[in-house]
Amino acid sequence: MKGALAIEAASVIWLDEFDRLWATAADVRALTAAGRAVYAISPEIHGFSEADRVRRWKEFASWGVTGICTDFPDQARRVLSAGGGREGS
């Protein structure tokens, strides 16, 4: 996270969890407090399970990410609309 914050010219951060789901709400808060827009890569893009995907969508939305890059945008909208979160896109 320090690396992303150190790049002053970066107004957008792509949060990508390649081999494990490591990001936290504090990470997203730090990035957004620094004025960055945070877009999260959905877990299925790296082979994680449907349960991980849906859980992470809800976490991302509750953390206030700007958007979610997913192979399942319609499902993300339904899940997040039902759970009161922000829409995935």
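Derivation of every value follows stated rules applied to the coordinates shown; laboratory data play no part. The structure displayed is predicted, hence computed values, not measured ones. When we count neighbours, we look across all protein chains shown, and the Cβ atoms used for this are built from the backbone with ideal geometry, even at glycine.
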>> Within the chain, considering only helices (runs of 4 or more DSSP H) that don't extend past its boundaries, which have at least 3 residues that are of a type in the set (F, W, Y) and either touching a Ser or Thr at 6+ places or on another chain (Cβ under 6 Å) or crowded, with 17+ Cβ neighbours inside 10 Å (or both)?
In response: 50-63
> List the pairs whose first member sits in the stretch 34-45 and is farther than 25 Å from A6 by Cβ and in contact (Cβ under 8 Å) with a residue 24 or more places away in the chain, whose second member is assigned to a loop (DSSP other than H, G, I, E, B) and of a type in the set (D, E), and whose Cβ atoms are under 9 Å apart, counting only residues at least 6 apart or on separate chains?
Replying inline: S42/D71; P43/E17; E44/D71; I45/D16; I45/D71
